[in-house]
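S.K.: Quick one: the structure is below, and I'll ask about it shortly.
The values are calculated or read from the model by the stated rules, or taken from the named source; none is laboratory data. The model shown is predicted, which means the values in this text are computed figures rather than measured ones. Counting neighbours? That spans all protein chains shown, and the Cβs are built from the backbone with ideal geometry, glycine included.
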Ligand SMILES: [Mg+2]
């Protein structure tokens, strides 16, 4: 009788173990699937206290693309008999304002130069700009965006700005493009731009203005936290400006 009882207990124990093994293996499988699902669909969480990326906004005209040089070349080719403003005599942000001072008709002709089809696409890259933009985009802890204001007569300008970026930096840079008439509302840490006074709906803007030297702003006095950047060549110190700001935002 005792033997029968012992055998029955052993059998029950065996069945319980089989059931427990099946249950545990299913649980393990489900947990693994759940974990996979979670890791594949969840955003990457930065470790606590890890430094955040520096956001750099790059202007196009006068910073990446040589607006002033192309404008003068086209104007002189189209109106060889008319007076013009040599680059070394440029002052003031708006080139047309200086041409209007030479005569109403000269100003109107000047406007027409950069409203023409093909103007914005034909701009030559500023020396070292493409290499600097690429290097910046590859830097650890730096996010780069293109932040540019199209002219009001946008027909050719808007599409050609995209084409220019595609031509000189590649399709993947389309993701970085910000077109706006008001740069003050754009969230960034540094705005590298040749326009001395950038105003708009947000005052003060979140970014620090890095004034990129151009013919028209060489004599402008820096104000309100601006710093100056004299071109993209290695000695210009653009890397130092970025590094200083990166340290500042992660203090
Ligand atoms: Mg500009």
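S.K.: Cβ-Cβ distance below 8 Å, separation of 6 or more or different chains: which pairs start in region 59-73 with a residue that is closer than 15 Å to residue 183 by Cα and touching a residue at least 24 places away in the same chain (Cβ under 8 Å) and end on one that is part of a helix (DSSP H, G or I) and near the ligand (Cβ under 9 Å from one of its atoms)?
M.R.: As it stands, the answer is 61/67, since those pairs meet every condition given.
S.K.: Within region 211-226, track down each residue that is over 23 Å from residue 89 (Cα atoms) and modelled with pLDDT of 95 or more.
M.R.: Hit for region 211-226 is 226, nothing else.
S.K.: Ok, one more. Would you point out which residue out of 146, 192, 178, 186 is touching a residue at least 40 places away in the same chain (Cβ under 8 Å), within 16 Å of the ligand (Cβ to nearest atom), closer than 26 Å to residue 53 by Cα and in contact with a helix residue (DSSP H, G or I) (Cβ under 6 Å, 6 or more places away or on another chain)? Quick ask: steps written out before the conclusion?
M.R.: Values: 192 fails: in contact with a helix residue (DSSP H, G or I) (Cβ under 6 Å, 6 or more places away or on another chain); 178 fails: in contact with a helix residue (DSSP H, G or I) (Cβ under 6 Å, 6 or more places away or on another chain); 186 fails: in contact with a helix residue (DSSP H, G or I) (Cβ under 6 Å, 6 or more places away or on another chain).
Step by step, each of 146, 192, 178, 186 is checked, and only 146 is touching a residue at least 40 places away in the same chain (Cβ under 8 Å), within 16 Å of the ligand (Cβ to nearest atom), closer than 26 Å to residue 53 by Cα and in contact with a helix residue (DSSP H, G or I) (Cβ under 6 Å, 6 or more places away or on another chain).
S.K.: Among the residues of region 59-70, what is the count of those that are within 10 Å of the ligand (Cβ to nearest atom) and within 21 Å of residue 166 (Cβ to Cβ)? Can you show your working first?
M.R.: First pass over region 59-70, keeping only residues within 10 Å of the ligand (Cβ to nearest atom): 59-65, 67-68.
From the residues that got through so far, the ones that are within 21 Å of residue 166 (Cβ to Cβ) too are 59-65, 67.
The total comes to 8.
S.K.: Select from region 229-248 the residues that are buried (at least 16 other Cβ atoms within 10 Å of the Cβ) and either in contact with a helix residue (DSSP H, G or I) (Cβ under 6 Å, 6 or more places away or on another chain) or not in a loop (DSSP other than H, G, I, E, B) (or both) and list them in ascending order. Even if it seems obvious, please write down each step before you answer.
M.R.: First, the residues of region 229-248 that are buried (at least 16 other Cβ atoms within 10 Å of the Cβ): 229, 231-232, 236-238, 241-242, 245-246.
Scanning region 229-248 gives 229, 232, 236, 238, 241, 242, 245, 246.
S.K.: Further question: Looking at region 195-213 only, could you name the residues that are touching a helix residue (DSSP H, G or I) at 6+ places or on another chain (Cβ under 8 Å) and not in a loop (DSSP other than H, G, I, E, B)?
M.R.: 208, 210, 211
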